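Please read the structure below before turning to the comments.
The values are calculated or read from the model by the stated rules, or taken from the named source; none is laboratory data. Small disclaimer: the values here were computed from a predicted structure and weren't measured. Don't worry about glycine lacking a Cβ; one is built from the backbone with ideal geometry, like all the others, and counts go over all protein chains shown. These area figures cover heavy atoms from the full protein model, side chains too; ligands, DNA and RNA do not enter into them. Shrake-Rupley method; radii C 1.70, N 1.55, O 1.52, S 1.80 Å.
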Amino acid sequence: MLIAAILFASNIFLSPIVNAETSTYEQITSQFEGYVSNLPTAKKAYKSRQRPILIEGAMNVEIDKFVYALKNPAVYKILNYVYIAGTYKNYPVIVARTEQGMENSAAVTALAIENFNPIAVINQGIAGGYIEDAKINSIVIGNKFVNGSAYITEYTPEGAGIKITPQKMRGTFAYDNDAKNFQLYQEYLADSTLLKIAEDVAASNKNFVTLTGTIFSANSWFNGMDHFKFLHETYGSLCEEMEGSAAAQICKSSNVPFIGIRAISNNRVLSSEFHEETAITSQDFVLLVTEKLIRNIKAGKF
């Protein structure tokens, strides 16, 4: 972790990454896989007197720092998905590798809720920015989460060409605990207390550059400048990733508090560069959010 830690110690924006740095990060990922493979595997169902905090990330580079921070870690493997349970600041925490994509994220979140009964879910990692203000290594605190594939287009006759605009957001189905049935949601909201905790952390740590707004999720990667502009102007989206909205949907159905937080790794509006190691910044920020959440839980404020 040494080189990556030095690069991001001040949360500075990087110049283009050279091959040597990329190779080094691949080595870090390989080392993490080795570390996890040597952890003890849990033989019994998870038990804890306190409901754990669930932290999710799709890739090793998005969860390695969390796992290294855990005390007494143990691996749970459920339907081939990996969960690592331990304690952080004397409080139970589960780190889940969701793998990439909406379906994987939904499955991992649902299985975690069923098997670990988390008190809150934090979905985090890296994302691609849509606007100039979403600069590389900045943090987006999600207050809304939108499924980018859940829209309806207008009818066009044969030969008219393919048009995805204008469109209407249809949304996805989640269980409404008040209505006692599944209903369509065009967006999912972050838990208000978790959102305040994240914004308080941002306000008290000026070394992080943060934005608060809508996070767009889809299994697709968008690269068109006009498409970025449309998504931002229509839905308020600041960035895109591949997991958050699906996790938020499951949390809504399960009545579990949720928030998504992302570090900007790339932004076509600014350049074609991709900075995977910005995942460290996301983890640094979310560790501070986790610490504040733990303090609130222990004080009976959550």
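Considering ARG51, ARG97, which residue is touching a residue at least 12 places away in the same chain (Cβ under 8 Å) and open to solvent by 80 Å² or more (accessible area, probe 1.4 Å)? It is ARG51. Residues in the range 157-169 that are surrounded by fewer than 13 Cβ atoms within 10 Å (Cβ to Cβ) and closer than 30 Å to ALA106 by Cβ: ILE162, LYS163, ILE164, THR165, PRO166, LYS168. Scanning the range 30-72 for residues that are aliphatic (A, V, I, L, M) and touching a Gly at 6+ places or on another chain (Cβ under 6 Å) turns up ALA58, ILE63, LEU70.
Take the residues in the range 211-235 that are β-branched (Val, Ile, Thr) and open to solvent by 40 Å² or more (accessible area, probe 1.4 Å); name whichever of them is farthest from ASN104 (Cα to Cα). So, considering only residues that are β-branched (Val, Ile, Thr) and open to solvent by 40 Å² or more (accessible area, probe 1.4 Å), the one farthest from ASN104 (Cα to Cα) is THR234.
For the condition under 20 Å from ILE55 (Cβ atoms) and either open to solvent by less than 40 Å² (accessible area, probe 1.4 Å) or aliphatic (A, V, I, L, M) (or both), LEU238 does not qualify. Scanning the range 263-276 for residues that are modelled with pLDDT under 95 and either of a type outside the set (D, E, K, R) or crowded, with 24+ Cβ neighbours inside 10 Å (or both) yields ASN266, ASN267, VAL269, LEU270, SER271, SER272, PHE274, HIS275. Any residue in the range 243-262 that is under 28 Å from ILE113 (Cα atoms), open to solvent by 30 Å² or more (accessible area, probe 1.4 Å) and of a type in the set (Val, Ile, Thr)? Checked against the condition, which is being under 28 Å from ILE113 (Cα atoms), open to solvent by 30 Å² or more (accessible area, probe 1.4 Å) and of a type in the set (Val, Ile, Thr), the range 243-262 yields at least one hit.
In the range 166-181, the residue that is nearest to ILE152 (Cα to Cα) out of those that are within 21 Å of the chain's Cα centre (by Cα) and part of a strand (DSSP E or B) is THR172. With respect to (1) among the polar types (S, T, N, Q); (2) closer than 18 Å to ALA248 by Cβ; (3) modelled with pLDDT of 95 or more; (4) out of contact with any Gly (no Cβ under 6 Å at 6 or more places or on another chain), the lone exception for SER149 is condition (3).
Scanning the range 174-192 for residues that are of a type in the set (A, V, I, L, M, F, W, C) and closer than 14 Å to ILE215 by Cβ, we see that the one that is surrounded by the most Cβ atoms within 10 Å (Cβ to Cβ) is ALA190. Could we say that SER204 is out of contact with any strand residue (DSSP E or B) (no Cβ under 6 Å at 6 or more places or on another chain), closer than 29 Å to PHE274 by Cα, touching a residue at least 24 places away in the same chain (Cβ under 8 Å) and of a type in the set (Gly, Ala, Ser) here? Taking the combined requirement at face value, the residue does not satisfy it.
Only residues that are under 16 Å from ASN296 (Cβ atoms) and not in a helix (DSSP H, G or I) were counted in the range 182-210, giving 2. For the range 26-48, filtered to residues that are outside any loop (DSSP other than H, G, I, E, B), of a type in the set (S, T, N, Q) and touching a residue at least 24 places away in the same chain (Cβ under 8 Å), the residue that is surrounded by the fewest Cβ atoms within 10 Å (Cβ to Cβ) is THR41. Figure legend. Inter-residue proximity from the range 285-302: first residues under 14 Å from VAL93 (Cβ atoms), second residues open to solvent by 50 Å² or more (accessible area, probe 1.4 Å), beta-carbon distance below 7 Å, spacing 6+ or different chains. Indicated pairs: GLU291/LYS89; LYS292/ASP200; LEU293/PHE302; ILE294/LYS89.
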